[in-house]
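Read the figures in this text as sums done on the coordinates, not as results from a lab. In this text the structure is predicted, and so the values were computed from the model without any measurement. We place every Cβ from the backbone using ideal geometry, glycine too, and count neighbours over all the protein chains shown.
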Amino acid sequence: MNDIRRTILWVIFGFSMVLLWDKWQLHNGNKATFFPTTTPVTSPAAASAPASSSVPAPVVQGAAAVPGQSAPSVPAVRERVEVTTDLYRLVFDSEGGSLTQAELLQHADMADKAKNFLLFDESAQRVYLAQTGLIGGSFPTHKTLMTAVPGPRVLKDGANEISIRFESPDLGGLKLVKTWTVRRGAYDIAVQHEVVNTGAAAVSPQLYFQLVRDGNKPPGESSFYSTFTGPAVYTEAKKYQKVEFADIEKNKFEIQKESTNGYAAMVQHYFASAWLLADGVQRELFMRKVDANLYSVGMVTPLGSIAPGASKTLDARLFAGPQIEKTLETLTPGLELVKDYGWLTILAKPLYWLLDQLHKLLANWGWSIVALVVLLKIAFYWLNAKAYASMAKMKSINPKIMEMRERLKDKPQQMQQEMMRIYREEKVNPMGGCFPIMIQIPVFIALYWVLLSSVEMRNAPWVGWIHDLSAPDPFFILPLLMTASSLLQTALNPAPPDPMQAKMMWFMPLIFSVMFFFFPAGLVMYWLTNNILSIAQQWIINTRMGVPPQFNLPKFK
């Protein structure tokens, strides 16, 4: 039995070291040694492809026919239109009337706090755009040069919204008028498409909406914890489906394509963008690789037949902003799922709600985290009490176990039998301290994802030197305290009879504490608070049971 346990522990230890080494390699800009992943690099040519003024190549019906980013071009003069509101500084391109830059004025950049965060961007380093156009003929697309109608470009005091209008030339008997309307205090932008038939015959165009971005991780993303970056779609039938860029590259993905509800989104840590259509509007969802390192996700919707001289209008919305759960829930069903808690959503959502309620009372996210952990420890008090009581019993009989092991060290079978006898006589369950703690693990993992995913932690101060709960502690004070508390917990626990297990019990806190030096301060504070409360409860229970707390220091020989 001891050999099996020892083998399992060494396997866990070895696998942990492999994972740590791979993460360290990625952190230093090197390729992973054991688990390599595709890390696309955007070439300047690929990045600038969407910026070229071009006429799309011939297209056919269907989502796969959405014009690409690198179609042959005809030189033309273009205009950049900058619009400023209370939340945004937006840049539109008259080529297609596309949104090519979205600067979020209420959110600072992680790398340089003096700058605002850029969600959409079009540069040699990054490509992330929102585009729309018509297919089904030689119609206006996101590659068509359009005219920006003069108008106000700054949201004035007292005004609730501002509109930017783009008009295309007649192409294939159609004219496209695209109007973007940005409202005060809102991260969803209304986009109206008016399609006018200027020809002599009826036409049946389709309108497409797509988000195009490069396949790179967002700048400043940590290698020590994994968050999703890539496209996602939602329908009532299939719910939330996210797809890795690598799977699009290999064409190894399957999504629901036909639907009358849902959205198409691009997701990254803390932020997202999504095209939203009204329920009941027929749409075809798609994902595809556009260029060397460019990917798109979007929807195509038929407009039906448009008679000569007639027009049709379709309204859509573009969400582009932070993953604030309460805001997402009000925009469209399922949009809050871009803030992805994974399989622990059923636990994470109520934990986030409770954290939000505590923040309303305390007005500080750091103290709200501390208060939430305190409430969880109170909720699980009796479970923890049983676990620590079992540990205290184990500690009280530990001298007897150690004496027996020394006496029967050359008779392993008899040693196991004698150990089981002692456990029966003393009414001690060696697993009694593990089971109550195991029950709580999903709750604390769910809380981990809540803190990791919540944009509210971003640039949120706590006290003193902690100015951003989403960034690592700049002086490593919290990780050092967390490491010390983990070692103190280990010292208070009964030492395993097996010397090898005893050594591993000391190595594991040290190994896992290394990762906490690179974790966000909010996560480290949550673990540290939990450790301190656990130590206090364990100390009290041991004292009540007449087992004075003692420190079982490691013996490495």
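Remarks
- FRET efficiency, 1/(1 + (r/R0)^6) with R0 22 Å, evaluated for residue 427 and residue 406 via beta carbons: 0.40
- Here r is the Cβ-Cβ distance between residue 281 and residue 357 and R0 is 41 Å; the resulting FRET efficiency, rounded to 0.05, is 0.65.
- Within-14-Å neighbourhood charge of residue 87 [Cβ basis; K, R +1; D, E -1]: -1
- Prolate/oblate/rounded call for the stretch 247-337, Cα gyration tensor, a/c under 1.5 rounded: oblate
- Sequence-distant contacts, meaning Cα pairs under 8 Å at least 6 residues apart, place the relative contact order of the stretch 220-350 at 22 percent.
- Cα gyration tensor, the stretch 76-154 - rounded (a/c under 1.5), prolate or oblate: prolate
- Net charge, residue 454 excluded, C-beta distance under 11 Å - Lys, Arg +1, Asp, Glu -1: -1
- The number of Lys pairs in the stretch 150-297 with C-alpha atoms less than 20 Å apart, excluding pairs fewer than 8 positions apart on the same chain, is 14.
- Neighbours of residue 426 by Cβ distance under 11 Å: Lys/Arg scored +1, Asp/Glu scored -1, total +4.
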